[in-house]
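Notes for the one structure printed next.
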Amino acid sequence: MNASSQSEKLSPALCAILALLFLSIFISYIDRGALSIAAPTLEREFSIAPARLGLLLSAFFWTYTPFLLLSGWLADRFHAGYVLAIGFAVWSASTFFTGFSRGFAALLLCRLFLGAGESTAYPSFANIVVSDFPARHRGFVNACINVGVCAGPAFGLLLGGQLMDRYGWRPYFLVLGAAGFLWIPFWLARMPRSSRVSFPPPTNEDEKEIEPAPRIADILATRSAWGTFLGHFGGNYFLYFLLTWLPYYLVHERQFSLARMGKIGALAYLFMAIVAIATGYASDRLIDSGRSITRVRKSMIAFGQAFGGLAIAACAVADSSLAIALLLLAAAAYGFNISNAWVIPQILAGPRATGRWTGLQNFIGNFAGISAPVITGFLVQHTGKFLYAFLLAGLMSILGAASWFFLLGPIEPVSWRRPSALPLS
């Protein structure tokens, strides 16, 4: 790496954009996880059985997952900043109107709109990061943005449980949705103006041959794409199992109060965030020092998911005190995933395909969001306990780690040359 790239720093303008991107994912995960915090109350108020509650918790992903493909195309085709702003408005409105819901059907409809709106987030993030942030900072930048994945649920669990307990779940959703709209004007004022990638026309025939814009079929034909897709699925199964069922598990199976549940859940996500920032920074510095990008990023993400899977599976057979310690350890291990899961496809895809690749990875990975809540609800209703649900979450995480380590090839930009054979790396 040359001296100029080594000295490249994040400007104040980029730091402001990074802070707003963090806030957007922070808010989105508070909104996404709010229903799971309200689940014990909703179960009583609307007489919702665990299996039906699982369907309600998974409904977000029924629209989120397929809309990721459209959002990936939109982020590549149009200005990603505006795509994100429109999606943000949709998901904030969905959260707000959840507070007026009077039954299962209304709650379901709001979750469907929430999923559609939030589908714009990650494809837009990926496009903006690749277009506007220096490559040498991307591990740290992705970790900072994705700390919102931890900080949002931590905030929701810590304060959401207490606020719902004191004021009820409806005011919580109304205030949460209304507050979300405050982010939009700040974003429109500070968002990057270059986040729709502009490519000059090739200057000769060789460039035309070497650098075509890849199709979705080109990405699907790449072995490394499936390494990231299946690895992401395994990590997401672990994460969405926690996001959707952890509050219910702590209240019903471990008999914790809402306040104690909130503190334990918040602590788990805090550990996750600390590890994400630390490993994101460490991975960038290791690579700067000459270590292999492939070795550093594959080892980190595979270790984190495998160790987290073992720890979450062990929770199933441990007593309450040990189970909480293992839960916190598993959550911390997931921090390795957060700092690497998005920088890897950004490197592989390059600026021409980042939105599409990210959309596809999220599309396939988020089938875990559809399946984990439903399968967990089914297992809990039919067995009366969380034993098999925890074991399955651990297994999925370990299989995902194997995909990151063995199926994913070298972490280097894929050549999208056509009509020659597509790469299998």
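Considering the chain as a Gaussian network with a 10 Å cut-off on Cα pairs, which listed residue, Ala217, Ala49, Ala121, attains the greatest mean-square fluctuation? Its mean-square fluctuation being the largest, the pick is Ala217.
The stretch between Ala325 and Ser257, if pulled fully straight at 0.36 nm per residue, gains 22.7 nm over its current Cα-Cα span.
Excluding ligands, DNA and RNA, the accessible surface per residue across region 218-283 is 31 Å² with a 1.4 Å probe.
Using a 1.4 Å probe on the protein heavy atoms, what percent of the accessible area of the chain belongs to carbon and sulfur? Using a 1.4 Å probe with all protein chains present, the chain comes out at 69 percent carbon and sulfur. For the chain, the Cβ-based charge dipole about the Cα centre amounts to some 280 debye (Lys, Arg positive; Asp, Glu negative; other atoms uncharged). Report summary: the helix-based calculation at 222 nm, which adds -39500 (n - 2.57) for every DSSP H run with n ≥ 4 and divides by the residues of the chain, gives -25000 deg cm²/dmol. Our summary gives the chain a relative contact order of 28 percent, counting only alpha carbon pairs under 8 angstrom and 6 or more residues apart. Modelled label positions at Arg285 and Arg215, each set 7 Å beyond Cα in the direction of Cβ, lie 4.6 nm from each other. Given the options Gly365, Gly33, Gly103, state which has the largest fluctuation in a GNM of the chain using a 10 Å cut-off (strictly under) for Cα springs. In the Gaussian network model the winner is Gly103.
Between Glu412 and Phe78, full extension at 0.36 nm per residue minus the direct alpha carbon distance yields a gain of 117.6 nm.
With the simple model of a label 7 Å out from the Cα in the direction of the Cβ, Ser131 to Arg295 spans 3.6 nm. Once the Cβ-Cβ distance of Leu387 and Ala51 is raised to the sixth power relative to R0 = 22 Å, the FRET efficiency obtained is 0.85.
In order along region 371-377, phi translates into HN-Hα couplings of 7, 4, x, 5, 4, 4, x Hz, rounded to whole numbers, per the Karplus curve 6.51 cos²θ - 1.76 cosθ + 1.60 with θ = phi - 60° and x for Gly and Pro.
Would you mind checking region 42-59 for residues with the amide N under 15 Å from a putative spin-label position 7 Å along Cα→C-beta of Arg102? Under 15 Å, as judged by backbone N against the label point of Arg102, lie 46 of region 42-59. With all protein chains kept in place, the per residue accessible area of region 47-195 amounts to 36 square angstrom at a probe of 1.4 angstrom.
From Cα pairs below 8 angstrom and at least 6 apart in sequence, can you work out the relative contact order of region 1-158, rounded to a whole percent? Averaging sequence separation for qualifying contacts and normalising by length gives 40 percent for region 1-158. Taking Leu392, Leu108, Leu286 as the candidate residues, the one with maximal mean-square fluctuation in a Gaussian network model of the chain, Cα springs under 10 Å, is Leu286. Listed values (1) 32, 27, 17; (2) 45, 29, 18; (3) 35, 24, 20 include one computed from this model; for semi-axes √(5λ) of the Cα gyration tensor in Å that value carries the label (3). Between the listed residues Leu360, Val129, Tyr237, the Cα displaced farthest toward the positive end of the dipole of the chain, a dipole computed from Cβ unit charges relative to the Cα centre, is found at Tyr237.
Using C-alpha pairs below 8 Å separated by at least 6 residues, the relative contact order for region 229-341 is 35 percent.
The values are calculated or read from the model by the stated rules, or taken from the named source; none is laboratory data. None of these values were measured; they are calculated from a predicted model. Don't worry about glycine lacking a Cβ; one is built from the backbone with ideal geometry, like all the others, and counts go over all protein chains shown. These area figures cover heavy atoms from the full protein model, side chains too; ligands, DNA and RNA do not enter into them. Shrake-Rupley method; radii C 1.70, N 1.55, O 1.52, S 1.80 Å.
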